Amino acid sequence: MMHLSRDEERTLAGEEGHGRQKAMELLVALGDIYGAKRLIPIASAQVSGASFKTIGDAGILFLEDFSQKAKVSVRASLNPLGLDLRRWRSMGVENEFHSKQARIVRAYSALGTEPLYTCTPYLAGNRPRKGQHVAWAESSATVFANSYLGAMTNKEGGPSALAAAIIGKTAEYGLHLPENRRPELRIDIESIPDGLFPIAGYVVGKVAGKRIPHITGLDLSPDEHKAFGAAMAAAGAVSMYGYSNPRHTRGVNTSEVEETISLPASELTECANSLGGDAEWDLVALGCPHCSPAELRSMARYLERRRPRRSSDVWFCTSRHAYARCPKEVAVLKKFGKVLCDTCMVVAPIERMYNRTASDSGKAMVYLPTLGKQRASFRPTRALLEAISC
Ligand code: F3S
């Protein structure tokens, strides 16, 4: 059983209201299941379960009820919604979906969450420092926070991240404890063929499963880490990795790791080919995880001297934060497709609009066929930009 302070006991007894009591009950139940000894303060939360597509009518009723009884007590940013709040009609979203999504937005707003609506909160102001404890729910953000930023978080569920946001604490177990952050296998990547870093993440996720890998030969930019980790977390259940390259080491010493796996470049190319899918698509979707300002700039630079090909629809998914920072680049990209904020190709009701979608995201290759009911095709970013322009 977890040790609770007097104040925490009072919250659990309902002395601070029914909403905080429910949130505390959830944290205590989780802590007891995972053998936590205590609750620890968090610097921020990141709450998933914001799209009507993923939480449905039952989720709306839960949030509407809960929002009358509680408020968050720490910074708590929200994951993407099922639509772009300003361009939902031009996306093709139906009125009924929009009105249900609007109820979710109102409920979260009453709870006091921050309307970032992105899976990259660390690029939009909610960026924890090394060693800080947070309670984040989005898998791609969780793996980035643990692995690249050096923050400490478990992969929370939507309700547990919300409960942590309300109480301002989480149960101390799993990746909040240094002894659980050691690598359990080593993966030596020979080299990553051009543009296949999301596929490298996908393959590492499949190989690692639930284990924390330490990856050697990994020399990626921050944006490449974002896509690499997202694919890994989706293809496996990995919430953290260590890595090293000739310039530096992040993570921990691998001397106690018993298993080492070599990953030749040819295996990454084979995997990319096996996920290649169709040669023609209804939709080309870029921006999973949401495009950073640097990625918007790089795509706009490539496209500015080309013309749209218009053989399929195109979505560039990004955060409103990045969108506002890149007005010139957004203007270029808009000639080639829709630049969407607040949402993405996985949590939007894409299955009502398209059947065949191409993406440069390893994570999307996991979820487009399942949640999105799409025939999904992987291509590196550059190949997709070539395909949509001439
Ligand atoms: Fe983000 Fe949607 Fe991909 S939430 S990581 S863009 S599936």
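Here are the numbers:
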item	result
Rounded if a/c under 1.5, otherwise prolate or oblate - the chain, Cα gyration tensor axes	oblate
G242 long-range amide H proximity, modeled H, under 5 Å	H214, I215
Cut-off under 5 Å, modelled amide H: who pairs with R38 long-range	H3, E172
DSSP bridge orientation in segment 6-178 - percent antiparallel, rounded to nearest 5	25 percent
Accessible area expressed per residue, the chain, with surrounding protein chains retained (probe 1.4 Å, Å²)	42 Å²
Loop sites in segment 63-162: GluC sites (Glu not before Pro), DSSP, at most 15 other Cβ within 10 Å	E94
Solvent exposure ordering (accessible area, 1.4 Å, most first) of K210, K169, K373	K210, K373, K169
Percent carbon-and-sulfur accessible area, the chain, ignoring ligands, DNA and RNA, probe 1.4 Å	49 percent
Residue-averaged 222 nm ellipticity for the chain, from DSSP H runs of 4+ at -39500 (n - 2.57), nearest 500	-11500 deg cm²/dmol
Karplus-derived 3J(HN,Hα), 6.51/-1.76/1.60, for each residue of segment 175-182, Hz, glycine and proline x	6, 7, 9, x, 5, 9, 9, 8
Contour excess over end-to-end distance, with Cα ends at R375 and K328 and 0.36 nm allotted per residue	13.6 nm
Ranking by accessible area, most exposed first, for L30, L196 with a 1.4 Å probe	L30, L196
Net charge, C326 excluded, C-beta distance under 12 Å - Lys, Arg +1, Asp, Glu -1	+4
Net charge, I189 excluded, C-beta distance under 13 Å - Lys, Arg +1, Asp, Glu -1	-4
Considering only segment 276-387, percent of DSSP beta bridges that pair antiparallel, nearest 5	0 percent
Y34 accessible area, 1.4 Å probe, all protein chains in place, Å² to nearest 10	130 Å²
Antiparallel bridges, percent of DSSP beta bridges restricted to the chain (to nearest 5)	15 percent
Of K22/K226; K226/K335; K71/K338; K22/K53; K226/K328; K53/K328, those spanning more than 29 Å from alpha-carbon to alpha-carbon	K22/K226; K71/K338; K53/K328
Largest to smallest accessible area among L340, L123 [probe 1.4 Å]	L123, L340
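The values are calculated or read from the model by the stated rules, or taken from the named source; none is laboratory data. Because the structure is a prediction, the values reported are computed rather than measured. Every residue, glycine among them, receives a Cβ derived from its backbone with ideal geometry; neighbour counts consider all protein chains shown. Just so you know, the surface numbers come from the protein's heavy atoms only, side chains and all, with ligands and any DNA or RNA stripped out. Shrake-Rupley method; radii C 1.70, N 1.55, O 1.52, S 1.80 Å.
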